[in-house]
1. ARG113 to ASP299: extension gain in nm, 0.36 nm per residue of separation minus the Cα-Cα distance?
2. Could you give P(r) for segment 110-321, binned at 5 Å from zero, as whole percent values over all Cα-Cα pairs?
3. Please list, ordered by chain and number, the residues whose modelled amide H lies under 5 Å from the amide H of ARG77; skip anything fewer than 5 residues away on the same chain.
4. With r as the distance between the Cβ atoms of GLU184 and SER448 and R0 = 25 Å, compute the FRET efficiency 1/(1 + (r/R0)^6) and round to 0.05.
5. Note the direction-averaged projected area, equal to a quarter of the hull surface, for the Cα convex hull of the chain, in nm².
6. Take ARG408 and VAL326, extend 7 Å from each Cα along the Cα→Cβ direction, and tell me the distance between the two endpoints in nm.
7. What full-extension length gain, to one decimal in nm, is calculated for ARG336 and SER242 as 0.36 nm per residue of separation minus the Cα-Cα distance?
8. Taking 60 Å as R0, compute the FRET efficiency from the Cβ-Cβ separation of GLU72 and GLU308 and round it to 0.05.
Amino acid sequence: MARMAQPVRVAVIGSGPAGIYAAEALVKQTDGDVRVDVFDRLPTPYGLVRYGVAPDHKSIKSIARYLQKVLETPGVRFFGCVELGRDLTRADLLDCYDAVIYSTGAMVDRHMRIPGEDLPGSIAATDFVNWYCGHPDAADHEFDLSVEEVAVIGVGNVAVDVVRILAKTADELRETDVPEQVIEALSGSRVKRVHMIGRRGPAQAKFTTKEARELGELPNAGIHVSPEDMDLDPASAELAESDRHVRGNVKVLNTWTAEPPADRLRLRRIDVRFWRAPAEIVGTDRVEGLRLEKTRLDDNGRVTGTGEFETLPVGMVLRSVGYQSVPLDGVPFDERTHTVPNEGGRILGPDGSPVPREYVAGWIKRGPTGVVGTNKSDAAETVRNLLEDVSGSPTGRKLTIEELLESRGLRVVTYDDWLNLDAAEIALARRLDRGERVKLARWEAMTSACRRRE
C-alpha cells in the first residue's frame, strides 16, 4: 500500500465504471491518503451502467449502487457538466493535479463502409440505445417506427438488446426507467418483423447465452433461425464441443429452428440470420431495403462472400458492429486500434516512453472488450503504476481546481446536485406509477432538477 508525504491529488476523466473503479482503487491502495476528483461532461454519473445497460436488465443496472458508495467515500468528489476540451484542457488538469486518469470509454459506432450507409433510416445502434436509455444527447431523436420490418446488423449483446427492445411492447417496458417520451413512441410502433444479421455462423456469435435465452422467452414475439444456418462446419463443431460459451449458444439457437407456433406470433417475429454480410443499404431518399451477400468461412477461418445475394424489404437498419473511442485533445492516440497507446495504463508518447503523470483506464485503454466487472482489475493495474510513479515525486500542481473553475465562472454539478436529480426521477416514477424511477432525459429538465433545493 502506497504512503505519500502528502495526499496525492488525482483527476479522473469519466464517471463510468472504469473511472469510478479507478477512484476506488486509489482510495484502497493509499488507505484513503488521496484526493480524487471524478469529472463527467454529463450531470449524471455511472456512464454505460446508466446509458448503455438495457433498461430491462435491472440486476446489471444495480451495479450503480456499488458505484454510488465509491462516490460517497471521503476524499472522492464528483464534478458533473465539466467537459474536457470545452471547459478544461489537458494542461489545466496537469496544473491542478499530481496525475490524471482518462477513462472516457468508447463513444461512437464503427462504420460498415457500404453503399447507402448514410441514408435516412440507417442508424448507429448507439443512437438508438442512447434514446431508449434516456441519454440527453439523444432525447429529441426520432425513429420511424411506422416501418414494418427492421434489420439489426450484429450478433453481440448490444444487438440482442436492440432487437429485444424493438420486439417488446411498450407495456412490457413500463416498469423500467425509460423516459416517458420513449414509452409513447414505442406505443405507436408498427414494427412486425426484426432481422438480426451475423456475418459469421452461430459458433462465432458474440452474445452471451443468457442474453440469447431472454430473447427466446419474449411472450409477444416468435423467434426463428433457419436450420440451414445451424449446419456447423468442422471447425465450428469442434468449437461448440470445446467452448462452454459457444456450446450454450448453439444449444439455445437449435431450439429456434422450428417455426414459431401461431399463438406466439401475436405481435412480432424475430429472424436470426447467420452467414449474411451487408453489401448495400438500398433506397433513394431513405432506407427501402438491405442487400445481403451469403458468406462462408475460408480455409483460414476468414469470412468470404459466395456471390449469392438477397434483399430484405426493411425500412430501418440499425448498425451494431462495434464501438470505438475518439481522440482526446492533446493526448496520444492510435488511429488503428482507437485506443490511447499505453503500457499497464501508463500513456506512451510517440517515442514509446511513458508520458509523465497521465494514465488511462477502461475501454480507451484496452478497447471495447470485457464486461462491466472487467474494469475493476483494469483500473487497479493503472492505479498501481500511477502510485509507483508519483510516490516521492515533486508535485506538479500550480493551483487548485476550485480556483480554476471559479476564475472561468463554471457552474458544476456536485454529487449533492446529482442526488436532487436522482430524487426527482424516483418521484416521477411514483407520479406515473412506473417502477422505481423514470429518467429525465432533456438537458434543461436534468439541470433544473439538479439545482432544486428542498
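1. Values: separation 186, 0.36 × 186 = 66.96 nm, distance 2.53 nm.
The span from ARG113 to ASP299 would gain 64.4 nm if fully extended.
2. Result returned by the calculation: 1, 7, 15, 20, 20, 17, 12, 6, 3, 0, 0.
3. Amide H to amide H, under 5 Å and 5 or more residues apart or across chains, ARG77 pairs with VAL36, ASP37, VAL38.
4. Working: r = 21 Å, r/R0 = 0.85.
Calculated transfer efficiency: 0.75.
5. On the way: hull surface 95.4 nm².
So the Cα hull casts an average projection of 23.8 nm².
6. Between ARG408 and VAL326, the simple spin-label model gives 1.7 nm.
7. Values: separation 94, 0.36 × 94 = 33.84 nm, distance 3.21 nm.
Value of the extension gain: 30.6 nm.
8. 0.55
We did not get these values from a lab; they are worked out from the coordinates using the rules stated. Computed from a predicted model, the values in this text were never measured in an experiment. Glycine gets a Cβ as well: all are built from the backbone with ideal geometry, and neighbour counts include every protein chain shown.
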